[in-house]
Each structure stands twice: as C-alpha cells, then as structure tokens.
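J.: Take a look at this one; I'll ask things after.
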Amino acid sequence: MKQFIVDAFTEKIFGGNPAAVCVVEKFPPEDLMQNIARENNLSETAFVAREKNFYRLRWFTPAAEIDFCGHATLASAFVILTQIEKNLSAVEFETLSGKFFVERKENFFEMNFPAYVPKKIPVTEEMCAAVRAKVLEAFLARDLLMVLENSEAVENLSPDFDALKNLDGLSQAVTAADKNFDCVSRIFAPKIKIAEDPVTGSTHCLIAPIWSEKLGKKKIIARQASARGGILHCEVLGERVKISGSAVLFSVADLKI
C-alpha cells in the first residue's frame, strides 16, 4: 500500500496540517484502516480508491472514522493530481458527506464544500471557563465556534481541554478579527483525541460564512494560528464555500501490510 504524507494549507514543509494519504485499489477492512490511522497518529489519515471517473475518499482520526475533513481532502487531491494522475486538472470525490470537487489552479487546490448553517446560541459560563477567555458570541453547527475580543486573545489562548470536552460540537473553535487577515482562529478537538488541529478546512465551512456576513464580503482570507499555522482562501457562495490552499509533499512510503 502506497502512503503519502502531505502538509496541507502551506507552501513549506513543517507548516500547515500534515495528513497521510493511502492510495488503494479497494478499501481495506475498517479495523486495518483504523489501525493505520492510529499508527500514523496524525489528525487524519485519508484512504482513496479509484472508481470509474471519480475517487472514493474516507477519513480516519486516531480514534474513529469521521464524515468530513478539509485538509485531508486537499492532501488527497494534491496526491492524485501531482503524483498519480498528473494529466488531470481536477478530481471528484465521493464521501460520507456527498460529492466534493477539487480543481488545481497553479499552486492552489480549490475545494468546493457545503457551507454549515450556523445557529447562534447563548454564551455560557462554561464556555468562558473552558477557553479561559471572554466569549462575545457563540455559534453551533457540527462544531462550536466562539468569537473572542481580539486576535491576541486567540493567539494566547490556553484552554482547559477537559472542560472543552463538555461543550457542544465535535470540535471547539475560537476566532476573532485579525490585523493582517480577515480573521484568525484556533481549533481544538479533544473529543476525538486531537488537542489542537493545526489547520482545519472543514471548520472554515462555519468560520467563513460567519465572517463573510460580519464583514459584508464574499472572499475571506483566514489565518489559523496554531504552532504550525496555515492560510485558507475562502469564498462564500450561498450554500457552498470554496476553500483554497497550497500543499507540499513530505514523504512517500510503502506500507508492509
């Protein structure tokens, strides 16, 4: 089994969010895919299998299979379009969350995802205690998004991870306006054994629509302020969000399985 490690949402190795991409003729048993993801110990390991004119795509964290992952989708598209089928300029994926279309545009890979419909919810004392900061607003879709006072509050955040587990949402994100970009965020997912995700495409299907409405603009440039860091170029188009980013290849391996 051929496995690629790709750093997504970055133009340099050791930046962005690393994902493993395993290219297979057909999907292995689920327990084997889960064991590979656990062995890799990255936030996501993707498995892609060609079927006619599209690829089936599945994502596994070290703990479980999930229904949507943005950065591992970017990594999978990068592998297919630069390593497997270099003559293609676009690829279609079938996933648990439906069809995704990714188009290569020079050094960027543009993904077209469904936008999350955020529900504004009351700010609670538990939220403030969990992030150890003042929360101005809160929104809930698949993930919980909390708006903080400024970018410094986001960057300096040191949350209580046990308390985060008790909040709503698969992951818990914080965001604020940024000096050099439209917004900044950090995203935590202790419920699925990911303390902090370096760069998260899927949660920006929630973040981008909120900042698009706040700023009155369709195109949003977002910075994720993890230790590795990453930049996401987002365009909100009604019920869809286009998210673009770069990627770089870190390693290629043959798994002896």
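What follows is calculated from the coordinates using simple rules that are stated; it is not laboratory data. Since the structure is predicted, the reported quantities are computational estimates derived from the model, not experimental observations. Cβ: placed from backbone, ideal geometry, glycine included. Neighbour counts: every protein chain shown.
J.: Find all pairs meeting these conditions: Cβ atoms under 7 angstrom apart; at least six residues apart or on different chains; first residue within the range 59-85 and of a type in the set (Ser, Thr, Tyr); second residue part of a loop (DSSP other than H, G, I, E, B).
T.: Matching pairs, first to second residue: 61/43; 61/44; 61/193; 73/201.
J.: Across the range 132-155, what is the total count of residues that are assigned to a loop (DSSP other than H, G, I, E, B) and closer than 19 Å to residue 190 by Cβ?
T.: At the first step, the residues of the range 132-155 found to be assigned to a loop (DSSP other than H, G, I, E, B) are 132-134, 141-143, 149-150.
Add one more test, that the residue is closer than 19 Å to residue 190 by Cβ, and what stays is 132-133, 141-143.
Count: 5.
J.: Yes or no: residue 219 closer than 16 Å to residue 115 by Cα, surrounded by fewer than 22 Cβ atoms within 10 Å (Cβ to Cβ) and under 19 Å from the mean Cα position of the chain (by Cα)?
T.: In short, yes.
J.: Moving on to the next point. Just for the range 190-214: of the residues that are among the small types (Gly, Ala, Ser) and without any contact (Cβ under 8 Å) to a residue 60 or more places away in the chain, which one is nearest to residue 100 (Cα to Cα)? Steps first, please.
T.: Applying the first criterion (among the small types (Gly, Ala, Ser)) to the range 190-214 yields 195, 201-202, 208, 212.
Imposing the further condition that a residue be without any contact (Cβ under 8 Å) to a residue 60 or more places away in the chain reduces the set to 195, 212.
Numbers: 195: 27, 212: 22 Å.
The extreme case among them is 212.
J.: How about the range 1-99: which strands (runs of 3 or more DSSP E) wholly inside it have at least 2 residues that are in contact with a strand residue (DSSP E or B) (Cβ under 8 Å, 6 or more places away or on another chain) and acidic (Asp, Glu)? Break it down stepwise before answering.
T.: Values: elements: 2-8, 17-24, 45-51, 54-60, 90-95.
Hits in the range 1-99: 90-95.
J.: For residues in the range 87-98 being free of Cβ contacts under 8 Å to residues at least 24 places away in the same chain and of a type outside the set (S, T, N, Q), which is surrounded by the fewest Cβ atoms within 10 Å (Cβ to Cβ)? Don't jump to the end; show me each part of the working.
T.: Kept after step one, since they are free of Cβ contacts under 8 Å to residues at least 24 places away in the same chain, are these residues of the range 87-98: 87-90, 98.
Okay, now just the ones that are also of a type outside the set (S, T, N, Q), so 88, 90, 98.
Details: 88: 13, 90: 14, 98: 11.
My answer is 98.
J.: Take the residues in the range 115-131 that are part of a loop (DSSP other than H, G, I, E, B) and of a type in the set (Val, Ile, Thr), then tell me which one is farthest from residue 164 (Cα to Cα). It would help to see each step written out before you state the result.
T.: Going residue by residue through the range 115-131, those that are part of a loop (DSSP other than H, G, I, E, B) are 115-118, 122-124.
So of that shortlist, the ones also of a type in the set (Val, Ile, Thr) come out as 117, 123-124.
Numbers: 117: 22, 123: 14, 124: 13 Å.
It comes out as 117.
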